[in-house]
Amino acid sequence: ANVIAADFVKSSVRPDDCPRDGLPEFALVGRSNVGKSSLLNSLVRRKRLALTSKKPGKTQCINHFKVNDSWYLVDLPGYGYAAAPQEARTNWDEFTRNYFLGRENLVSVFLLVDASIPAKKIDLDYASWLGQNKCKIQKSSQTSNYVGINLVPETPLKTSSNVPMTLVFTKCDKRKKKKNGGKRPEENVENFQSLIREYFEAAPPWIMTSSVTNQGRDEILLHMSQLRNY
Ligand code: GDP
């Protein structure tokens, strides 16, 4: 699962502006500061393909990166930036929700969650929205495949209108700190998993990552290549 070439293609301010070549794409979404740009850069092994130093909440664009000329990584605007004005937040909601609901070549949604802090309501709310609207995961004999680390489904949990969701836990290299509630990343992940089960009949697949150590990078790319081949 080696990324050979990745190029920034375009920033779109509306779902209608997104590339129309129909290539399969994977959306990365998560709270501002979750480590999305860092993960993107780590996936394509570039220091600054995605800018990490942008002002949180400022980029209200959908950014398309074409990989190996054959599929897209899509960087969606981060949500939950507290200082963003209400109007901007409402726009963000409509914008990304329309993207999720209307994008036909969307293969899968990767929801990024910061493993270095305790579960946040905004992430659970977002997962819940995805679960109800786009990423319904159905109970099946596959369920047991979803309990554990780095597991990849053998068959897609996909219906005509739904795409599978994968949870990507970020910053797993960060050790516990008192101010973070004193929990290890593993404990935060476990807790998030049990909270999210409320919204899904089966737990989504999940991958623990770090952009510092590149933990999880190969698993994400392998998972994406398997999803593309379904
Ligand atoms: P974005 O707003 O989601 O795009 O987040 P960034 O990629 O800009 O990262 C936000 C902050 O978290 C930056 O200070 C990064 O250096 C830091 N960060 C991102 N990923 C990791 C990681 O895997 N481990 C650690 N320790 N810090 C990270």
Subject >> Members of region 196-230 that are more than 15 Å from the ligand (Cβ to nearest atom) and assigned to a loop (DSSP other than H, G, I, E, B) >> reply: 197, 198, 199, 200, 201, 202, 203, 204, 205, 229, 230
Subject >> Within region 33-57, considering residues that are in a loop (DSSP other than H, G, I, E, B) and at pLDDT 90 or above, the one surrounded by the most Cβ atoms within 10 Å (Cβ to Cβ) >> reply: 34
**OP:** Select from region 168-195 the residues that are among the basic types (Lys, Arg) and more than 10 Å from the ligand (Cβ to nearest atom) and write down the one among them that is modelled with the highest pLDDT.
**Re:** 184
**OP:** Among what's in region 58-78 and is within 11 Å of the ligand (Cβ to nearest atom) and modelled with pLDDT under 75, pick the residue that is surrounded by the most Cβ atoms within 10 Å (Cβ to Cβ).
**Re:** 59
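Considering only residues that are acidic (Asp, Glu) and not in a loop (DSSP other than H, G, I, E, B), which ones fall in region 99-122?
Looking only at region 99-122, we keep the residues that are acidic (Asp, Glu), and these are 104, 114.
The answer is 114, and nothing else.
Tell me, which residue of region 18-42 that is in contact (Cβ under 8 Å) with a residue 12 or more places away in the chain and of a type in the set (D, E, K, R) is farthest from the ligand (Cβ to nearest atom)? Don't jump to the end; show me each part of the working.
Residues of region 18-42 that are in contact (Cβ under 8 Å) with a residue 12 or more places away in the chain, as a first pass: 18-19, 22-42.
Then drop every residue that is not of a type in the set (D, E, K, R), which leaves 25, 31, 36.
Working: 25: 18, 31: 7, 36: 3 Å.
So the residue we want is 25.
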Subject >> Breaking point among (1) within 18 Å of the chain's Cα centre (by Cα); (2) at pLDDT below 85, for residue 160 >> reply: (1)
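The values are calculated or read from the model by the stated rules, or taken from the named source; none is laboratory data. Everything quoted here is computed from the prediction, not taken from an experiment. A quick note on method: Cβ atoms are made from the backbone with ideal geometry, for glycine too, and the neighbour counts reach across all protein chains shown.
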